[in-house]
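Report on the following structure.
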2 protein chains.
Amino acid sequence: MITGKNYIGNLLSSIGKRTFKTFNPQTNLENEIVYTEASEVEIEQATSLASEAFNVFQKVSGAKKSEFLNEIANEIEALGDELIQTYCSETGLPEGRAMGERGRTVFQLRSFANLVKEGSWVEAAIDTADLSRQPIPKVDIRKMLVPLGPVVVFGASNFPLAYSTAGGDTAAALAAGCPVIVKSHPMHAGTGELVASAIIAAAEKTGMPNGVFSNLNSSGIEVGVSLVKNSRVKAIGFTGSIRGGRALYDMAAQRPEPIPVFAEMGSVNPVVLLPNAAQIKGAEWAKTYAGSITLGAGQFCTNPGLILGIKGDDLSNFIQDLSNEIVKIEPTCMLHPNIIGAYESNKAKMQEQSGLETTASFSKETSKNYGRQAITTVEGATFLANTALHQEVFGPFSMVVQCENVQQLEEIISKLEGQLTGTILAENELQNYENIVSALQNRVGRIIFNGVPTGVEVCPAMVHGGPYPASTDSRFTAVGIESIKRWVRPFSYQSWPNELLPDELKDENPLNITRLVDGLKTTKAL
Amino acid sequence: MITGKNYIGNLLSSIGKRTFKTFNPQTNLENEIVYTEASEVEIEQATSLASEAFNVFQKVSGAKKSEFLNEIANEIEALGDELIQTYCSETGLPEGRAMGERGRTVFQLRSFANLVKEGSWVEAAIDTADLSRQPIPKVDIRKMLVPLGPVVVFGASNFPLAYSTAGGDTAAALAAGCPVIVKSHPMHAGTGELVASAIIAAAEKTGMPNGVFSNLNSSGIEVGVSLVKNSRVKAIGFTGSIRGGRALYDMAAQRPEPIPVFAEMGSVNPVVLLPNAAQIKGAEWAKTYAGSITLGAGQFCTNPGLILGIKGDDLSNFIQDLSNEIVKIEPTCMLHPNIIGAYESNKAKMQEQSGLETTASFSKETSKNYGRQAITTVEGATFLANTALHQEVFGPFSMVVQCENVQQLEEIISKLEGQLTGTILAENELQNYENIVSALQNRVGRIIFNGVPTGVEVCPAMVHGGPYPASTDSRFTAVGIESIKRWVRPFSYQSWPNELLPDELKDENPLNITRLVDGLKTTKAL
């Protein structure tokens, strides 16, 4: 049952004065439940509890953390239909998407559970002593990864489950041994509270310390600002707009003790349509891309918002085909009136740019809050001269840039901001475009051959992140088990008594993990 | 031969107007050679060359990078006595130290050469496709670490070889595939130029692109500021003061495209003397610590500047012993009049603090520029109330804090700023001080049992770094092969043609490296 309250550790609390409701974009009506925004007192309580919980939680074994994470997954599944219905009522997204995203969320939690249960992720390294070494004896040094401390996770508007309350950031931080405080996204506060109740139930069942998790409601920016500035908070995870992510990054960098912010932000996900591909498979790609651009009403961070090709008949045909295909697709509901408001306004601003031509625009009547797709096109020189054209329009929108030649194509790619993905569509020609591929590689975190950027597989080889502003720190991924590295630091013990070392570093290797011992990987005891 | 010029890529250049000389603190005289500070034009040239070199260098094989790094080591060794004499004339340090540091520098270069020659450091991961998967097929994703781009390294005053021109930061960045621009430290510009000439010679011999390395002279802050703000620069390495490191961090964070700064800064390296240790081995530790505090005139980042004990006769005896021992040691020359000036002034400021008692101070006449050691002591409550007492005095200085009880000791530890190291001296009592150990672990990057913090072994298990302000990003170490991670980011290829993948990710595994294939570590081909 949803109460509208905050979870301050294991307790429900609503002492604040500010309240708000969520909105159902399908019915175009507010939902009934009233949420109480977290007060300064509750923020103090949550961070203080998290700090105390960290003293215990940082030493909890991988096996116990694994139980906790698996139990969160169980509890989320046990929420059943209430979770799915709440999700749909707060997002306008269909049930299938809700169930798919729940599956992804549970899969992520179980992946991290497996990772920490096995245990080798701590990258244990042991360099044994050599007391006879000249001129000075060599001491015994042992290293492993340890958690940073309390982490604040900002829920994402476009992934109420997989990148919010118990999403990738939270799962990774808990797996690392960091308590988590979620600043719940106001558009889906009910979904957030349900998932929070699952985490709290799991924490209690598996004996985790009170404060290992808190969930704070908020409608404005105040709760987030207060959390980022709180000295007990040691790292931030964020998925959202460039403006929002950069503001948090700046605040965190200006603290007396700066802390790491991993913000996964905007991306137009450039797609390069090479000449043979345009000629041979232009019509096919047009159909595929009409689907990718409108998938989920274009509300994915990997939505293809920019298509780059070489001017000519083949590209003109592709634009025509894409325009024809995209208007055949029925628009779908966007997440919130604010999201569709921003979409329509950003689309209009883009369409006002000099030299931009709109080649397709869904013009039929739709239900309220449905996102009507558009395709635009512009000359390469115009695109180069006007960086307003480089910005993301979050929604079912894409722009085809008609480059004069390969040199201009390369120049455009090299002048793009950092991106999550870059795609190349090619037919037996990729080997002739080494400079194009290189330029694209330097601007992105993931490069795709003959496919679409939408669809982010959760697997160890996935990189979701990229040069700024795709993310604030390209050295980490936000998706997959490697994302745990955002929340840990290496720590060394020198000449430490064996019996007082953590199990990961003891001579006997009781956890049977893979360690680097005197330069060689092994699971053997010393 | 030292020319006093900058290396802009492979060419010597001195078009700037500002000049300076280095100083010999032993003779208290300026050295003869005139150095020309890099001009804005030369900074543009160096960053532009680095950017172009990156296009080539990022794809150079591990085997070739290994040749380059080993050749740098050879060329440094070939500089012979000129390097040692220049080093000594610019630092006042003895020949033995110069030779030891050269050995460490060469060892670091060869360690990184071995790492990239073997090749598994790129953390290759492959998740193979499953086209029959329902509801959507699984695509092929392959990941590896790739270099960030041009890196700027700031030479350190206290390590003219091991943490300067071809020091740990440079070796790690070059190994990663990042071109390096060194902002040479003005106190040892001659040593810097000699080492730069070795790097350039090695680059030419092994066919590295022009611009893979540049060396810029500077006497003020202008060259460094200009480099950090330059959009072609993608990361910063710095070793030095908190004020300097924080200024660079702030500048980098405020860029339109923020970049990572790894600054290894100040630390007082707290040492906890537990009661049994004070009672049983107090005199022994006093002697050992008198040596550690005065080692290299106290000019190490791991110098023990703070000793914490429980008030009582044993601690009083320890303070007396330490005071007696330390004045027996002959002072040695500090690096520069500015360094000894800052030491004397910071020591005096500390000694003026209310409640601080000086128990030992080397008072005999010494040569000019020699650092005269001092031991001070203060009550725990006084220390807690005055954070001025928590600051580092860079030089042969230490403070013993007499805590009322274990609770106060724990409180003091938990209120310290982040530190590189923490040490515990104990005799069959460590198991009774779990909270003390935990509090210390949360404030440091390396914890030492019954030893001294000075002496940083270069090995995979070493962590040199720690919570702010020990370093600006505790998630990385500045020493050891793992420090390469500061300069790389993960990168994914999706459905990429096998023949166009980098060797690290090809089906055949031609480099025979260890990869994570569908979740299992293996050196096998697909």
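Any read-out appearing in this document is the output of simple, stated calculations on the displayed coordinates, not a laboratory observation. What you are looking at is a predicted structure, and each value in this text was computed from that prediction instead of being measured. Because the Cβ atoms are built from the backbone with ideal geometry, glycine has one as well, and the counts that use them run over all protein chains shown.
For B:Thr128, the distances from its label point to the matching points in the remaining copies are 3.7 nm, ordered from shortest, with each point set 7 Å beyond Cα toward Cβ.
Would you please classify the overall shape of chain B from the alpha carbon gyration tensor, given that a ≥ b ≥ c denote the square roots of the eigenvalues, rounded means a/c under 1.5, and beyond that prolate means a/b larger than b/c while oblate covers the rest? Spell out each step's value before the answer.
Values: a/c = 2.22, a/b = 1.36, b/c = 1.63.
In terms of gyration-tensor shape, oblate.
Put simply, the convex hull of the Cα atoms in region B:142-218 casts, on average, a shadow of 5.3 nm². Per-residue shielding of B:463-476, expressed as the average number of other chain Cβ atoms within 10 Å of the residue Cβ, stands at 5.
Would you work out the charge dipole size for chain B about its Cα centre, treating the Cβ of every Lys and Arg as +1 and the Cβ of every Asp and Glu as -1, and quote it to the nearest 20 debye?
Working: 44 positive and 56 negative charges, 182 e Å.
The dipole magnitude comes to about 880 debye.
The peptide list B:370-376, B:432-438, put in order of mean Cβ contacts within 10 Å with the highest first, becomes B:370-376, B:432-438. Taking amide H atoms as placed 1.01 Å from N in the peptide plane, the amide H of A:Val153 lies under 5 Å from those of A:Ile181, A:Val182, A:Lys183, A:Gly237, each 5 or more residues away in sequence or on another chain.
Per the Kirkwood formula applied to alpha carbons, region A:101-258 shows a radius of gyration over Rh ratio, Rg over Rh, of 1.09.
Compute the distance from the alpha-carbon center of region B:20-79 to that of region B:128-176, in whole Å. Using only Cα atoms to place each centre, the spacing works out to 21 Å.
So what's Rg/Rh here for region B:1-117, counting alpha carbon atoms and using the Kirkwood radius for Rh? Rg/Rh for region B:1-117 comes to 1.03. The peptide list A:314-323, A:459-468, put in order of mean Cβ contacts within 10 Å with the highest first, becomes A:459-468, A:314-323.
Our helix-only sum for chain B, with -39,500 (n - 2.57) per DSSP H run of n ≥ 4 divided by its residues, gives a mean residue ellipticity at 222 nm of -11500 deg cm²/dmol. Full extension of the chain between A:Asn405 and A:Lys205 yields a length gain of 65.7 nm, computed as 0.36 nm times the residue separation minus the alpha carbon distance.
For the cross-link pairs A:Lys506/B:Lys143; A:Lys287/B:Lys234; B:Lys311/B:Lys415; B:Lys59/B:Lys205; A:Lys349/A:Lys485; A:Lys64/A:Lys524, which exceed 28 Å when the distance is taken from alpha carbon to alpha carbon?
Values: A:Lys506/B:Lys143 32 Å; A:Lys287/B:Lys234 39 Å; B:Lys311/B:Lys415 19 Å; B:Lys59/B:Lys205 18 Å; A:Lys349/A:Lys485 39 Å; A:Lys64/A:Lys524 23 Å.
With Cα atoms farther than 28 Å apart: A:Lys506/B:Lys143; A:Lys287/B:Lys234; A:Lys349/A:Lys485.
Which listed residue (B:Ile339, A:Ile319, B:Asn498) has the Cα farthest towards the positive end of the charge dipole for the protein assembly as shown, taking +1 on Lys and Arg C-beta and -1 on Asp and Glu C-beta about the Cα centre? The Cα lying farthest towards the positive end belongs to B:Ile339.
For the protein assembly as shown, give the magnitude of the charge dipole about the Cα centre (Cβ charges: +1 Lys/Arg, -1 Asp/Glu; no others), in debye to the nearest 20.
In debye, rounded to 20, the protein assembly as shown gives about 260.
For region A:122-133, 3J(HN,Hα) computed residue by residue from phi via the Karplus equation (6.51, -1.76, 1.60; θ = phi - 60°) reads 6, 6, 4, 9, 10, 10, 6, 6, 9, 6, 8, 5 Hz, glycine and proline entered as x. Please report the antiparallel percentage of DSSP beta bridges with both residues in the protein assembly as shown, rounded to the nearest 5. Looking only at bridges with both residues in the protein assembly as shown, the antiparallel portion is about 40 percent.
For B:Lys117, the shell of other residues with beta-carbons less than 15 Å away shows a net charge of -2, using +1 for Lys and Arg and -1 for Asp and Glu. For region A:412-513, compute Rh as the Kirkwood radius over C-alpha pairs and then the Stokes-Einstein diffusion coefficient at 37 °C and 0.692 mPa s; write the answer in µm²/s, rounded to an integer. Once the numbers are plugged in, D ends up at 197 µm²/s.
Starting from region B:250-332, pick out the trypsin sites (Lys or Arg not before Pro) whose DSSP state is loop and whose Cβ has at most 16 other Cβ atoms within 10 Å. Could the numbers behind the result be given before it?
Values: sites: B:Lys281, B:Lys287, B:Lys311, B:Lys328; in loops: B:Lys311.
Filter output for region B:250-332: B:Lys311.
Does anyone have the angle between helix B:313-328 and the longest principal axis of chain B? Alpha-carbon axes, 0 to 90°, nearest 10? On a 0 to 90 degree scale, this one is about 70. Only beta bridges with both residues in region B:270-449 are counted; by DSSP, about 20 percent of them are antiparallel. Can you give the mean number of other chain Cβ atoms that lie within 10 Å of the Cβ atoms in peptide A:120-127? Mean partner-chain Cβ count within 10 Å for A:120-127: 3.
Given R0 = 56 Å, the distance between the Cβ atoms of B:Leu501 and B:Glu427 translates into a calculated FRET efficiency of 0.45.
Annotation: the residues A:Thr105, B:Thr206, sorted from fewest to most other C-beta atoms within 10 Å of their own C-beta, follow the order B:Thr206, A:Thr105. Please determine, in degrees from 0 to 90 and to the nearest 10, the orientation of helix B:80-91 with respect to the longest principal axis defined by the Cα atoms of chain B, where the helix direction is its Cα long axis. Computed tilt is about 50 degrees. The local environment of A:Lys524, defined by Cβ-Cβ distances under 12 Å, has a net charge of -1 under the rule Lys, Arg +1 and Asp, Glu -1. Fewest neighbouring Cβ atoms within 10 Å first, the residues B:Ile221, B:Ile199, A:Ile2, B:Ile340 line up as B:Ile221, A:Ile2, B:Ile340, B:Ile199.
For the rotation that carries chain A onto chain B, the axis lies closest to a Cβ at A:Ala253, 2, where the number is the distance in whole Å.
With its label point defined 7 Å out from Cα along the Cα-to-Cβ axis, A:Ser345 lies at 5.2 nm from the matching points of the other copies, in increasing order. When each of A:His336, B:His185, A:His188, A:His390 is scored by the number of other beta-carbon atoms lying within 10 Å, the sequence from fewest to most is A:His390, A:His336, B:His185, A:His188.
Each other copy places its own label point for B:Glu429 at 7.8 nm from this one, sorted shortest first, where the point lies 7 Å along the Cα-to-beta carbon line.
What do you get for the angle between helix A:189-205 and the principal long axis of chain A? Use alpha-carbon atoms, 0 to 90 degrees, nearest ten. That helix lies at roughly 20 degrees to the long axis.
Of all alpha-carbon pairs in region B:270-449, indicate the percentage at a distance above 19 angstrom. Here the long-distance tail beyond 19 Å is 54 percent of all Cα pairs in region B:270-449. Cα-Cα pairs above 40 Å in the protein assembly as shown: how many percent? Above the 40 Å cut-off, the protein assembly as shown has 45 percent of its Cα pairs.
List the relative contact order of chain A as a percent without decimals, with contacts defined as Cα pairs under 8 Å and 6+ residues apart.
Numbers: 1199 pairs, mean separation 90.3, N = 526.
With pairs under 8 Å counted, the relative contact order is 17 percent.
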